[in-house]
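Novice: Supplied in structure tokens, the structure appears directly below.
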Amino acid sequence: MKITSSEFLCSAAKKGQYPDESLPEIAFAGRSNVGKSSLLNLLTNRRSLAKVSSSPGKTRTINFFLINGEFRIVDLPGYGYAKVSRAESESWGRMMEDYLENRPNLLKVVQLVDSRHEPSAQDVQMYEYLRYHGLSGIVAATKCDKLSKNELSRNLSLIKKTLSLGEDDIIIAVSALKRTGTEELLACLDGLLER
Ligand SMILES: Nc1nc2c(ncn2[C@@H]2O[C@H](COP(=O)(O)OP(=O)(O)OP(=O)(O)O)[C@@H](O)[C@H]2O)c(=O)[nH]1
Ligand SMILES: [Mg+2]
């Protein structure tokens with residue numbers, strides 16, 4: 001697939017604010033600062049379609065983007081950001097559950113993890129949650145520009161093991177900086193959209 005058009009549709013904190021259910025959606029999940037918004041910009045070849053920030057907690061709502069006029073990529077707010085209050089973290093949980101468990105046109109969630117580290121307990125929990133809801137299967141290991149080939153290969157094995165990835169699960173190393181991993185990821189999205 002080639003992405004030829006992309007546009008921001010809307011930002012939602014609750015159900016009534018989502019766009020209609022007429023188009024398939026693929027969402028990006030992962031801890032704050034892992035590179036979700038950057039990956040969306042990379043795939044769409046846009047510098048600032050989604051807002052990126054070096055301080056975690058940039059994306060606080062669910063953001064919908066229309067791609068090629070035929071499907072949507074959904075940029076989710078990150079978890080694991082230490083500075084949020086308990087109330088904020090609870091409202092994050094409700095917002096995520098509402099979307100992830102009640103969205104009939106949601107095909108899959110791409111789980112992003114940092115390629116430099118062993119997935120955190122929250123990453124594992126998120127992936128298990130996605131698996132339970134039939135939304136798992138694609139993992140993107142971000143910021144792979146920061147690692148040597150050997151380190152990357154070692155860490156990809158560690159990520160597979162820690163997240164208990166199965167035979168059919170796909171893991172793709174991506175870098176927004178070096179622009180790697182996009183073709184593989186787009187091919188995956190093609191598969192999801194059954195083309
Ligand atoms: N070196 C490197 N830095 C990256 C890469 N992707 C993202 N970053 C940097 O990581 C930081 C966070 O990126 P974002 O895309 O805003 O992360 P996010 O997951 O959307 O974060 P939240 O919106 O807070 O959940 C920014 O400073 C990016 O420039 C990458 O592939 N390589
Ligand atoms: Mg973001």
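Novice: Taking the condition under 20 Å from L135 (Cβ atoms), part of a strand (DSSP E or B) and of a type in the set (F, W, Y), does F28 pass?
Specialist: Values: under 20 Å from L135 (Cβ atoms): yes; part of a strand (DSSP E or B): yes; of a type in the set (F, W, Y): yes.
The answer is yes for F28.
Novice: Being away from ligand 1 (no atom under 15 Å from the Cβ) and either in a helix (DSSP H, G or I) or charged (D, E, K, R) (or both) is the filter here, so list the residues in segment 160-181 that pass it.
Specialist: K160, K161, T162, E167, D168, D169
Novice: Among S120, S136, S89, which is polar (S, T, N, Q) and farther than 16 Å from S164 by Cβ?
Specialist: Details: S120 fails: farther than 16 Å from S164 by Cβ; S136 fails: farther than 16 Å from S164 by Cβ.
From the options S120, S136, S89, the qualifying one is S89.
Novice: So if I check each of K14, K2, K108, which one is more than 12 Å from ligand 2 (Cβ to nearest atom) and under 26 Å from T162 (Cα atoms)?
Specialist: On the way: K14 fails: under 26 Å from T162 (Cα atoms); K2 fails: under 26 Å from T162 (Cα atoms).
Sole residue among the options that is more than 12 Å from ligand 2 (Cβ to nearest atom) and under 26 Å from T162 (Cα atoms): K108.
Novice: Look at segment 96-118 and say how many of its residues are aliphatic (A, V, I, L, M), farther than 19 Å from S157 by Cα and assigned to a strand (DSSP E or B). Steps first, please.
Specialist: Of the residues in segment 96-118, the ones aliphatic (A, V, I, L, M) are 96, 100, 106-107, 109-110, 112-113.
Filter once more, keeping what is farther than 19 Å from S157 by Cα: 96, 100, 106-107, 109.
From what's left, assigned to a strand (DSSP E or B): 106-107, 109.
Residues that pass the stated criteria total 3.
Novice: With the checklist (1) modelled with pLDDT of 95 or more; (2) within 6 Å of ligand 1 (Cβ to nearest atom); (3) over 20 Å from E184 (Cβ atoms); (4) of a type outside the set (S, T, Y) in hand, flag the one item N33 doesn't pass.
Specialist: Every condition holds for N33 apart from (1).
Novice: Which count do you get for residues in segment 119-157 that are surrounded by 15 or more Cβ atoms within 10 Å (Cβ to Cβ) and not in a strand (DSSP E or B)? Quick ask: steps written out before the conclusion?
Specialist: Keep residues of segment 119-157 that are surrounded by 15 or more Cβ atoms within 10 Å (Cβ to Cβ), which gives 119-120, 123-124, 126-127, 129-131, 135-145, 147, 152, 155-156.
Now restrict to residues that are not in a strand (DSSP E or B): 119-120, 123-124, 126-127, 129-131, 135-137, 143-145, 147, 152, 155-156.
Of the residues in that region, 19 qualify.
Novice: Inspect segment 58-76 for any residue being touching a residue at least 12 places away in the same chain (Cβ under 8 Å), among the polar types (S, T, N, Q) and loosely packed, with under 14 Cβ neighbours inside 10 Å and give the result as yes or no. Step through it out loud before you land on a result.
Specialist: Initial filter on segment 58-76 (touching a residue at least 12 places away in the same chain (Cβ under 8 Å)): 58-76.
Checking the rest, the ones that are also among the polar types (S, T, N, Q) come to 59, 61, 63, 68.
Now restrict to residues that are loosely packed, with under 14 Cβ neighbours inside 10 Å: 68.
Checking segment 58-76: at least one residue is touching a residue at least 12 places away in the same chain (Cβ under 8 Å), among the polar types (S, T, N, Q) and loosely packed, with under 14 Cβ neighbours inside 10 Å.
Novice: Which one of these is more than 16 Å from ligand 2 (Cβ to nearest atom) and either within 17 Å of the chain's Cα centre (by Cα) or of a type in the set (F, W, Y) (or both): F71, F28, F64? Let's see the steps before the verdict.
Specialist: Working: F28 fails: more than 16 Å from ligand 2 (Cβ to nearest atom); F64 fails: more than 16 Å from ligand 2 (Cβ to nearest atom).
When all the criteria are applied, what remains is F71.
The values are calculated or read from the model by the stated rules, or taken from the named source; none is laboratory data. Predicted model, so just to flag it, every value in this text is computed and none were measured. Reconstructed Cβ throughout: ideal geometry from the backbone, glycine too, with neighbour counts over all protein chains shown.
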